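**Q** Right, I'll just put the structure down here and ask away after.
Every number here is computed from the coordinates shown, using simple stated rules; none is lab data. The model shown is predicted, which means the values in this text are computed figures rather than measured ones. We place every Cβ from the backbone using ideal geometry, glycine too, and count neighbours over all the protein chains shown.
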Amino acid sequence: MEDTLDKLKVLIGLSGYDQDELLTALLLLGEQKILDRLYPFDDTMTSLPSRYVSKQMEIAAWLYNKRGAEGQVAHSENGINRTYESADIPESLLAGITPKVGVL
């Protein structure tokens, strides 16, 4: 996770350790969102496949940037109305994750 955290810092342009707790929480949230999409009917899967680590960083960066004005699809100035693609992780970030299901 430490290597992923360092890469995320480079991706969003941070250095130092003052945001590590926040970034780690965002990485864990991104990991859980990917696992929820990847294994929709299996809560026992807790390990993120390595092929999705870059997607995890993209989601964490999106969540970090959403704290400001990034990720908006609409904005108005004086009334300060912001509209995001989704209240949750946008479908465009989850689109490349193919769910794995089984047959009963």
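**Q** What net charge do the residues around residue 30 carry, taking every other residue with its C-beta under 13 Å from that of residue 30, with Lys and Arg at +1 and Asp and Glu at -1?
**A** Values: positive: 7, 33, 37, 55, 66; negative: 31, 36, 58, 88.
Net of charged neighbours comes to +1.
**Q** At 222 nm, what value in deg cm²/dmol follows for the chain if DSSP H runs of at least 4 each add -39500 (n - 2.57) and the sum is divided by all its residues, to the nearest 500?
**A** Numbers: 4 runs with 48 residues, N = 104.
Theoretical 222 nm ellipticity from helices: -14500 deg cm²/dmol.
**Q** List the trypsin sites (Lys or Arg not before Pro) within the chain that DSSP assigns to loop and that have no more than 12 neighbouring Cβ atoms inside 10 Å. Present the calculation step by step, with values, prior to reporting the outcome.
**A** Details: sites: 7, 9, 33, 37, 51, 55, 66, 67, 82, 100; in loops: 67, 100.
Listed in order of number, the matching sites are 67.
**Q** I'd like the orientation of helix 20-38 relative to the chain: the angle between its Cα long axis and the longest Cα principal axis, in ° from 0 to 90, rounded to 10.
**A** Once rounded, the angle reads 50 degrees.
**Q** Only four residue types carry charge here, +1 at the Cβ of Lys and Arg and -1 at the Cβ of Asp and Glu. Report the dipole size of the chain about the Cα centre in Debye, rounded to the nearest 20. Walk me through the numbers before you get to the answer.
**A** Numbers: 10 positive and 16 negative charges, 57 e Å.
About 280 debye.
**Q** Testing the spin-label approximation: label points 7 Å from Cα along Cα→Cβ at residue 39 and residue 22. State their distance in nm.
**A** 3.1 nm
**Q** Out of the chymotrypsin sites (Phe, Trp or Tyr not before Pro) in segment 10-104, which ones are loop residues according to DSSP with at most 13 other C-beta atoms within 10 Å?
**A** 17, 41
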